Structure formats: structure tokens, C-alpha cells
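Report on the following structure.
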Amino acid sequence: MNLYFLFLYPIFILFLSIFSLNILINFLNKKGILDIPQKRSNHSKPKPKCAGFIIIPIIIVSIFFFIYLDLIPSEPWEYICYITLVLFLTSFLDDIYNLPSSLRLLIQIVSIILAIQLFDSNISNFIENFFSELDWFYNKESFKIVIKIVLIFMWLWITNLFNFMDGIDGITASQTITFSLGITLLSFNSELLLEFKYIGLIFFSSILGFFYWNQPPAKIFLGDCGSIPIGFLIGGICILSLINLNNFVPTMLLLLYYVLDSSITLTNRAVKKKNIFTAHSEHFYQKKVRNGWSHKEVLLKITITNSILIIFALLYGKYKLPILICSILLVLSLLFWLSKKKS
């Protein structure tokens, strides 16, 4: 593939996102389609939402375009894009009409079950490779079902992770940008995940265009129609990394801050017998903003941490245990800073 194309297409996506979102912002303001601040909100003025209405179609069309160019394999990504489109439309309706959470969860579960079926042969190979010495211990078909159930819950968790954590200006954009850059760099070390280089470029460029408008102070929010499909696609990348036994831990290191912040917060809510499925403002980064720190200050610390995690992910192959320990300590130190009140 012509290197000029790989350079120019991401630039095209970047400016397409910026200019399209500018039009959308004006339209949403005129129509009054706004995110109205509530008690748990971290913004004080109504602002347009549903930036995903522009960003997700750009990502999906770009993936199909790269499939057409034989840079991304049609299986499973063609079907994953179709499923992403279903989640996008469902989440968009939720942004506008507030669908019941039970209906949204049901659609997500069914979508992920269908997506997991696309990886049936990959999962069989995963079991053969990773559990080959224990094949006397289990019935293969039953164990395969167990593995699929675990993967479904994992994918569902990552899908909603991006929705849970999308609570201040620029945070999901920043996390997605650093994740995209990380998988693009990791893909150079693996032929099995070579398509992630192109998916990473697509994500990086389109979300960077969104970040132009979402950086503090945000002019528009992503909305569920953006955060849910992005979480689903990133979940697919993580699942493929796992079942291909290829760069899974480095890939998850790129999400370590999101995983630890949300996991500790929801565990804490469960211990206090609070409903973990209801919206709240108890994440570490939310408390920091409520304690007087600006969105920009908090976002900068998180972005620096995620940038260092990219370096750790690239070094993981040579220094597995030390890198894993350093990564956990790095994120825990960020969470400690986020938990401190402003003096």
C-alpha cells in the first residue's frame, strides 16, 4: 500500500471529523438536543451531545474501506462492524428517548453473543494452545462454553467501561487516542494482529477530530451512541488479542487506568450496598473535579499516565514482571493523587 495513502487518509479523517462535528454542534444547539446538567454531572451548562452520530459512521465506513483494500480481513471485522452499527443505533435512540436500561443491556448481550460466535475456531485454537497440558481435566466442548461465557462478560464489561468512565471533558477521547496509538505501535511486533495498525490509525484520527471539540472546555459530548460502540470495538480488539495469545497483556495495560478506576469504584459501591448499575459520580476522576480541580488539570494527569503505559506496553515483551508491577504502581499512584482533596 502506498505510504502516501496511509499518511493522507488519516489526515482526511481528522479534518472530516472536525468539520462535520462543527456542523453537528450548530444543529444540536438549534434543535435543543443537549446534555442537561444533573446533580451527578460534572458540567454546569447544557451542552450538545451525540458526537458519536458523526464519529462512529466515520470509523465504520473507514474499516469497510480498508477491508475493500485488503488491509483489514473481512472476517471477522465486516460482521463486527454490522453489530457495532446495531449498538450505535440503539445507543443513539437511548440518547434521544432514554430507552429502558434492561432493553439496552439485552441488546448488548445478544450482540456480544453473536460476535463471540464469529471467533469459534479461534477459541478452539486458544484452548488447544493454552490448555493443551490440561486436556485430561475437562470436557472440551463444555470447557469451550465456559470460555465463551467468560469472554462474553469480559466484552460486555469493556463495552460499558467506556460509558461508565465518560464523565469529564476529553477523558474518553484521550483514553481512546492513547489506546489507538498503543495498538498501532504494538501491531508492528505481530503479524497476527497486523490489521490493528490500520484500525488504530482510523481510531486515532477520527477521535483526535472529536477531541478538538471535546477538550476542556468541551463544546460537545460523545453520548452513548459514541461511547458504547467505541467500547465494543475496543473490546473486540482485546478479545482477539487474548484468543490469539498475542499481545493481550500489553493491550490491557493500555486500558489499565480505566479498568482500575472503574473496578475499584464499583467494588466500593457494591460493598456499600449501592446499585452498581445506576449512574453516579464516585469515580476517582469525578471526585477530583468535584474537589476543585479543573477538567484540564485532571485530564492532563490521566493522559500523561496513559502515555507512559504505552511505553510500558512496548517494553512488556522484554521485562514482563517488572513492567507489570511498574504499570500497576503507576496507575495506583494516579488514583492516590485523584483521591486527595485540594488543599
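Data for the structure
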{"read-out": "Out of Ile304, Ile311, Ile325, sole residue that is farther than 30 Å from Ile107 by Cβ, surrounded by fewer than 18 Cβ atoms within 10 Å (Cβ to Cβ) and within 18 Å of the chain's Cα centre (by Cα)", "value": "Ile304"}
{"read-out": "Members of the stretch 241-254 that are open to solvent by 10 Å² or more (accessible area, probe 1.4 Å), assigned to a helix (DSSP H, G or I) and more than 18 Å from Ile323 (Cα to Cα)", "value": "Leu242"}
{"read-out": "Condition broken by Ser142, with the remaining ones in (1) more than 30 Å from Asp35 (Cα to Cα); (2) free of Cβ contacts under 8 Å to residues at least 40 places away in the same chain; (3) surrounded by 13 or more Cβ atoms within 10 Å (Cβ to Cβ) satisfied", "value": "(3)"}
{"read-out": "Cβ-Cβ under 7 Å pairs, at least 6 apart or on other chains, the stretch 310-327 side closer than 14 Å to Leu254 by Cα, far side of a type in the set (Lys, Arg) and open to solvent by 70 Å² or more (accessible area, probe 1.4 Å)", "value": "none"}
{"read-out": "Candidates Lys273, Lys219 - the one that is part of a loop (DSSP other than H, G, I, E, B), over 26 Å from Ile109 (Cβ atoms) and either open to solvent by 10 Å² or more (accessible area, probe 1.4 Å) or not β-branched (Val, Ile, Thr) (or both)", "value": "Lys219"}
{"read-out": "Checklist (1) at pLDDT below 95; (2) out of contact with any Lys or Arg (no Cβ under 7 Å at 6 or more places or on another chain); (3) surrounded by fewer than 23 Cβ atoms within 10 Å (Cβ to Cβ); (4) closer than 19 Å to Ile13 by Cβ applied to Phe211, failing item", "value": "(1)"}
{"read-out": "Residue check, Lys341 part of a helix (DSSP H, G or I), open to solvent by 60 Å² or more (accessible area, probe 1.4 Å), of a type in the set (Lys, Arg) and out of contact with any Pro (no Cβ under 6 Å at 6 or more places or on another chain)", "value": "no"}
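The values are calculated or read from the model by the stated rules, or taken from the named source; none is laboratory data. Values in this document were obtained by computation on a predicted structure and should not be read as measured data. Neighbour counts run over all protein chains shown; Cβ positions are idealised from the backbone, glycine included. Note: areas computed on protein heavy atoms with side chains; ligands, DNA, RNA excluded. Shrake-Rupley method; radii C 1.70, N 1.55, O 1.52, S 1.80 Å.
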